[in-house]
Amino acid sequence: MRGCVRRSDAILAAAVLIAAALPAGAAPQRVVSMNLCSDQLAMMLAAPEQLVSVSSLAQDPRLSPMADQAAAYKANTGRAEEIYLMRPDLVIAGTYTPPATVAMLRRLGIRVETPPPAEDFDAIRADITRMGDWLGQPQAARDLLARFDADLAAARRPGGRGRAALYEANGFTSGPDTLAGSILEAAGYANIAADHGISATTTLPLELLVMSDPDRLITGAKWPGQSQGEAILDHPALAAFPGRAQVTDLNWTCGTPFVTRAIRSLE
Amino acid sequence: MRGLFPALLLLVAALFLASLLTGPAGLPAMDALRALALGGDGPLPIVMREIRLPRAILGVAVGAGLGLTGAALQGYLRNPLAEPGLIGISGMAALGAVIAIQTGLSLVAALALPLAALVGAAAGVAMLVALAGPRGGSVTLILAGVAISALAGAGTALVLNLSPNPYAASEIVFWLMGSLADKSMLHVWLALPPMLLGAALILTTRHALDALTLGEAAAQTLGMAGPSLRWRLIAGTALIVGPATAVAGAIGFVGLVVPHVLRPWVGARPSALLPASALGGAALLLASDIAVRLIVPDRDLKLGVLTAIVGAPLFLHLIWKTRSGGRV
């Protein structure tokens, strides 16, 4: 047993030494991102020419705050075939990327990272640092982190501004353990989801929402076409909150420095 | 038999009240009813008047409509397996509704939604009557129904999958199974007037349906089985099933179970079975809608799940009896 431990320690130590000794040129040269959120961090941190492709979602102005920048990159739709043909040396996917696609790319010998979505500001900070490490751009990451910290400190409001509710299509609400909940808290609002024991994202019956009588109602954005799921946002019972409705937008979607804009939008 | 109608009325009234008092918010009954009747400030009247009241009203209207059309179709087609949900009329109505919603027609004019569903339902009934009129056997009726249902379901799924809206595709379940969750008074005002018109039309057919039980030849001799009967039935069914499906989705089996249960009580006379089935349908749908809120309060369990659990075994039983040559 002891021998085993010592040997694995030795291997680890050797690996750390080798990694430290590698030249900066070992940073990946052809990076493909296939997830709306990592697209944004990668575009902020990558050196020119280092990022080859971002997801097509990143070019959609309804979804992506960086749609203009993303238009300069080749778009991918997340299929293993097209991504392999781009000859990447690093692919950044996500926890919710179809597992078959990730497994296929790994089988083809490509390094694939699958970061989970960030649900609070500490996770965003960690994501920025980690993306900098993956891209071999630690200095850019440190600069971005410093700007994010300053923005966040400026955008934060002390609590006590009242009770707010997040309400989205199909009657979903977000509790304190989610990114939207963190944005709400940073803007100084108490989240009514917590009154109902909700910490993550789950359904809240419409009548419980109305009975909670929130001071501020923040609903999800509407999409083109129509759906029954979104019809709940037009329910006459919600019209009884005059002037209190506000819509979440693309700055609420991803754990990126753009969340400071979402916090400010609640001013 | 004489006590049947008062008993059914009492049952519907009790279930209507229970539906108003059932909900995740667990409101005190007296406060809730006072807020419903007298209004007042705060969220309680909003919950009662804007959320629970339309749900209960739609429960009565949709249930009564499905019970009534089920009894009428069974009387006209002289076949106990006829039912708007099972033979594809609701499915066609759902297809019409989905097309109206996804093309944006329903945004241009609110009435476009029930109208498009009505056109879909009318096409469904007309196809069925053409394929399996009073002389068609059970097999023809069921096969025609299966084909129409499959076509309507595929069309609905196709339209929803082509929608640019990310939520639309997951709503196939709503259109196939039905739900009354979070409907508003707007839905009530859209659906109720055409449904009342349809019910009036169908009730005018009850003596002709009585005559039809004597056989088609006898009914024709009495001058009661002509094209006018067919058109009143098609229009009445479309006027009821179309708007009902447009607001509540396709709910199956109500029109099958209710006439079957009530038929022995009314001496198998369609003229008595029609109003009795309307009341019975309202009671069944209200009870199902209360049950979906009690079984899984925090999820939107679809109504069609419950009605199918009750109705499908009965449907199998009826097919079994038809197969063995017995009268049903």
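Any read-out appearing in this document is the output of simple, stated calculations on the displayed coordinates, not a laboratory observation. The structure displayed is predicted, hence computed values, not measured ones. Cβ: placed from backbone, ideal geometry, glycine included. Neighbour counts: every protein chain shown.
Between helix B:185-203 and chain B there is an angle of about 20 degrees, using the helix long axis and the longest principal axis of the Cα atoms. Here each label is just a point 7 Å from Cα along the line to Cβ, and for residue A:103 and residue A:172 those points are 2.6 nm apart. For the stretch B:220-328, the set of trypsin sites (Lys or Arg not before Pro) satisfying both a DSSP loop assignment and a count of at most 16 other C-beta atoms within 10 Å is given as B:299, B:327.
Normalised by the number of residues in chain B, what is the relative contact order in percent for Cα pairs under 8 Å and 6+ residues apart?
Value for chain B: 30 percent.
Restricting the calculation to alpha carbons of the protein assembly as shown gives Rg and Dmax of 30.1, 103 angstrom. Which of these, A:240, A:186, A:75, has the largest mean-square fluctuation under a Gaussian network model of chain A (Cα springs below 10 Å)? Comparing A:240, A:186, A:75 in a Gaussian network model of chain A, the most mobile one is A:240. Spin-label model, residue B:320/residue A:114: points 7 Å from Cα along the beta carbon direction are separated by 4.8 nm.
Each Lys or Arg adds one and each Asp or Glu takes one away; over the other residues whose Cβ falls under 14 Å from the Cβ of residue A:105, this sums to +2. Rounded, prolate or oblate for the stretch A:27-117? Axes are the square roots of the Cα gyration tensor eigenvalues, ordered a ≥ b ≥ c, and the cut-off for rounded is a/c under 1.5. Since a/c reaches 1.5 and a/b is larger than b/c, the shape of the stretch A:27-117 is classed as prolate. Candidate cross-link partners of residue B:183 among the lysines, defined by an alpha-carbon separation under 18 Å and a same-chain spacing of 8 or more, comprise B:302. From least to most packed, judged by other beta carbons within 10 angstrom and beginning with the fewest, A:84, A:167 follow the order A:84, A:167. What residue among B:254, B:173, B:125 has the largest mean-square fluctuation in a Gaussian network model of chain B, using Cα springs under 10 Å? Largest GNM mean-square fluctuation: B:173. Could you calculate the FRET efficiency of residue A:143 with residue A:199 from 1/(1 + (r/R0)^6), where r is the beta carbon distance between them and R0 is 22 Å, rounded to 0.05? Efficiency, from the Cβ-Cβ distance: 0.05. Can you give the FRET efficiency for residue B:37 and residue B:151, using 1/(1 + (r/R0)^6), R0 = 45 Å, r = Cβ-Cβ distance, to the nearest 0.05? Given R0 = 45 Å and the Cβ-Cβ separation, E is 0.45.
Arranged from fewest to most other beta-carbon atoms within 10 Å of their beta carbon, B:253, A:148 become A:148, B:253.
Across the stretch A:27-117, C-alpha contacts under 8 Å between residues 6 or more apart give a mean separation that, scaled by the residue count, equals a relative contact order of 30 percent. Our estimate of slack between residue A:156 and residue A:133, defined as 0.36 nm per intervening residue step minus the Cα-Cα distance, is 5.5 nm. So what's the gap between the Cα centers of the stretch B:59-86 and the stretch B:153-227, to the nearest angstrom? Here the answer is 9 Å between Cα centres. Tell me, how many Å apart are the Cα centres for the stretch A:150-189 and for the stretch A:75-149? That distance is 26 Å. Fewest-first ordering of B:174, A:241 by other beta carbons within 10 Å of each residue's beta carbon gives A:241, B:174. Residues of the stretch B:57-86 falling in the label zone of residue B:14, defined by backbone nitrogen less than 18 Å from a point 7 Å along Cα to beta-carbon, are B:60. With a/c under 1.5 counting as rounded, go ahead and sort chain A into rounded, prolate or oblate using the C-alpha gyration tensor (a ≥ b ≥ c being the square roots of the eigenvalues; past the cut-off, prolate if a/b is larger than b/c, else oblate). Judged from the Cα gyration tensor, chain A comes out prolate (a/c at least 1.5, a/b above b/c). Whole-Hz Karplus values for the stretch A:136-150 come out as x, 10, x, 5, 4, 5, 5, 5, 4, 4, 5, 5, 4, 4, 5 Hz, taken residue by residue from phi with 6.51 cos²θ - 1.76 cosθ + 1.60 and θ = phi - 60°; glycine and proline positions read x.
Secondary-structure-derived ellipticity at 222 nm for the protein assembly as shown, considering helices only, amounts to -18500 deg cm²/dmol, per-run term -39500 (n - 2.57) for DSSP H runs with n ≥ 4. Quick one: Debye curve from the C-alpha atoms of the stretch B:4-323, no solvent, what's log10 I(q)/I(0) at q = 0.07, 0.09, 0.10 Å⁻¹? Treating every Cα as an identical point scatterer, log10 I(q)/I(0) equals -0.26, -0.44, -0.54.
Once you keep just the Cα pairs under 8 angstrom separated by 6 or more residues, what percentage relative contact order results for the stretch A:163-265?
In percent, rounded to a whole number, it is 33.
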